[in-house]
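S.K.: The structure is given below, and queries will be raised subsequently.
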Amino acid sequence: MTRALLAALVPLVLAAGPAPAHAVADPQPVQPFVPGTDEDPELSKAWQRWESRGIDDYVVTVRLSCFCVPQDGVRTVVRDDRTVRVTQGERRLRPGRGYSVDELFRIVRDAGHEAESVTVDYTRRGIPRSIAIDPVQAVADDETYLSVRLVRTD
């Protein structure tokens, strides 16, 4: 780009300001998890328990811990099976950056295919309470842990 064009564009971009709040708040449909025929039996049973509850309004907070810089948990508000708000601490995030319960099931499935070790603790409702992923057991400090807290709302 030429300097003249950049000089003209910079003031326009700066004057536009931040994205409007509605652009961040647009609901995003939850992408449903569908177990495959060769799915891990424990994952399938947990999903069936979750699915049988018919819960489509909830708030889920997922805290990631690993050998990395500590971060606040990601809080996702799901209403009528649509992600309506995602925050991390005081920051508002795009809906696609949040976690639905269906997304947690996908994480477990994908990790089961890719990592050497995956340990999941499910609640009686089938929700993954904690997920421990160790990509390579012979390598130290590569583990990832997700802790999940779900609050049902109506």
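The values are calculated or read from the model by the stated rules, or taken from the named source; none is laboratory data. Predicted model, so just to flag it, every value in this text is computed and none were measured. We place every Cβ from the backbone using ideal geometry, glycine too, and count neighbours over all the protein chains shown.
S.K.: For the range 88-100, which residues satisfy the criterion of being farther than 24 Å from D142 by Cα and either outside any strand (DSSP E or B) or of a type outside the set (D, E, K, R) (or both)? Break it down stepwise before answering.
M.R.: In the first step, residues of the range 88-100 are kept if they are farther than 24 Å from D142 by Cα; the result is 89-96, 100.
Selection gives G89, E90, L93, R94, P95, G96, S100.
Each row is one residue, and each column tells you yes or no for (1) more than 17 Å from the chain's Cα centre (by Cα); (2) over 17 Å from L150 (Cβ atoms); (3) assigned to a loop (DSSP other than H, G, I, E, B).
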position: K45; (1), (2), (3): yes, yes, no
position: C68; (1), (2), (3): yes, yes, yes
position: Q71; (1), (2), (3): no, yes, yes
position: V77; (1), (2), (3): no, no, no
position: V86; (1), (2), (3): no, no, no
position: A111; (1), (2), (3): no, yes, no
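S.K.: When you scan the range 140-154, do you find a residue that is modelled with pLDDT of 95 or more, more than 13 Å from the chain's Cα centre (by Cα), acidic (D, E) and surrounded by fewer than 17 Cβ atoms within 10 Å (Cβ to Cβ), even just one?
M.R.: Among the residues of the range 140-154, not one is modelled with pLDDT of 95 or more, more than 13 Å from the chain's Cα centre (by Cα), acidic (D, E) and surrounded by fewer than 17 Cβ atoms within 10 Å (Cβ to Cβ), which makes the answer no.
S.K.: S65 is checked against (1) under 20 Å from V34 (Cα atoms); (2) surrounded by fewer than 20 Cβ atoms within 10 Å (Cβ to Cβ); (3) not β-branched (V, I, T) and fails just one. What number does that condition carry?
M.R.: (1)
S.K.: Return the residues of the range 113-126 that are touching a strand residue (DSSP E or B) at 6+ places or on another chain (Cβ under 9 Å), surrounded by fewer than 19 Cβ atoms within 10 Å (Cβ to Cβ) and outside any loop (DSSP other than H, G, I, E, B); say none if nothing qualifies.
M.R.: Here is the first cut: in the range 113-126, the residues touching a strand residue (DSSP E or B) at 6+ places or on another chain (Cβ under 9 Å) are 114-123, 125.
Okay, now just the ones that are also surrounded by fewer than 19 Cβ atoms within 10 Å (Cβ to Cβ), so 114-117, 119, 121, 123, 125.
Of everything in the range 113-126, those that are touching a strand residue (DSSP E or B) at 6+ places or on another chain (Cβ under 9 Å), surrounded by fewer than 19 Cβ atoms within 10 Å (Cβ to Cβ) and outside any loop (DSSP other than H, G, I, E, B) turn out to be E114, S117, T119, D121.
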